[in-house]
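What follows is one structure encoded as structure tokens, with my remarks underneath.
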Amino acid sequence: MSEITLMISKQLREAIEDDVTDAYLNGARSAYADSPGLGKQSYTRDEFDFEDIRILQTSGPLGLALGNFEQELNTEMNKVIFEAAALNVPITSMVDQVRGVANTQAWKLGRIARTEMLNVFNEGRFRGYAKAEDLLEKRFKYSLQIINDNRTCGAHQELSGRIPAGGMFLDDLIELQQTIGAKYNFRLTGKALLHPNQRTVLVMVR
Ligand SMILES: [Zn+2]
């Protein structure tokens, strides 16, 4: 039975890892193409990108969620098996229960992964812009497109209020996020945009 748990975990992990790679590179490519004059040149991924991607896959909220998923799945599976043995439950009904546990846990993980993917996309955007700046030997200014309504959290409201209309340099923007994030008790990793909310995207200001 623990082999089944392992197999499910492995498949899900691989699927999520692929999604992270795709989201990051999509972000990097789209930002790179958005930089003045670079639109026609295609983005080349490099070692730095892969290192960035590896970190996003293993640490941060997504890496944590994956770890939790494996642990919870194991615990829940063991519970089902233990109870089934104690109560002499027929094997078919035990398999159904195990399947149910796996589905619930996978659904929870999927929900986290979906919201987290936008963060990964934005990490890629940062990378694409930073690389364009290096190549062009120029600095640009950036802003965050934040949807502001009654669902917007205080941290994002403050962030959107503190970015000047003309935008900010990349470093300064990251620093502002970290400062505001700390004030609202967000534990931010990477260049995180406070928390993934599906509603914030890094853009260049011109
Ligand atoms: Zn927010």
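Find, to one decimal place in angstroms, the Kirkwood hydrodynamic radius of the chain, where the mean of 1/r is taken over every pair of different Cα atoms and then inverted. Before the final figure, lay out each step's value.
Values: mean 1/r = 0.0526 Å⁻¹.
After inverting the pairwise mean of 1/r, the radius is 19.0 Å.
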- request: Round to the nearest 10 and give me the degree value, 0 to 90, for the angle of helix 47-58's Cα axis relative to the longest principal axis of the chain.
  value: 40 degrees
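So which GluC sites (Glu not before Pro) in region 104-175 pass both tests, a DSSP loop state and at most 15 other Cβ atoms within 10 Å of the Cβ?
On the way: sites: E116, E123, E133, E137, E158, E175; in loops: E137.
Filter output for region 104-175: E137.
I need K131, K183 ordered by Cβ neighbour count within 10 Å, fewest first. Show your work: numbers first, answer last.
Values: K131 21, K183 11.
Fewest to most other Cβ atoms nearby, the residues stand as K183, K131.
Based solely on its DSSP helices, what 222 nm [θ] is calculated for the chain when runs of n ≥ 4 H residues each add -39,500 (n - 2.57) and the sum is averaged over all residues, nearest 500 deg cm²/dmol?
Values: 6 runs with 142 residues, N = 206.
-24500 deg cm²/dmol, from helical runs alone.
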- prompt: With a ≥ b ≥ c the root eigenvalues of the C-alpha gyration tensor of region 139-206, is it rounded (a/c under 1.5), prolate (a/b larger than b/c) or oblate?
  reply: oblate
query: Magnitude of the Cβ-charge dipole of region 68-206, K/R +1 and D/E -1, about the Cα centre, nearest 20 debye?
result: 460 debye
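Any read-out appearing in this document is the output of simple, stated calculations on the displayed coordinates, not a laboratory observation. Quick caveat: nothing in here was measured; it's all calculated off a predicted structure. Neighbour counts run over all protein chains shown; Cβ positions are idealised from the backbone, glycine included.
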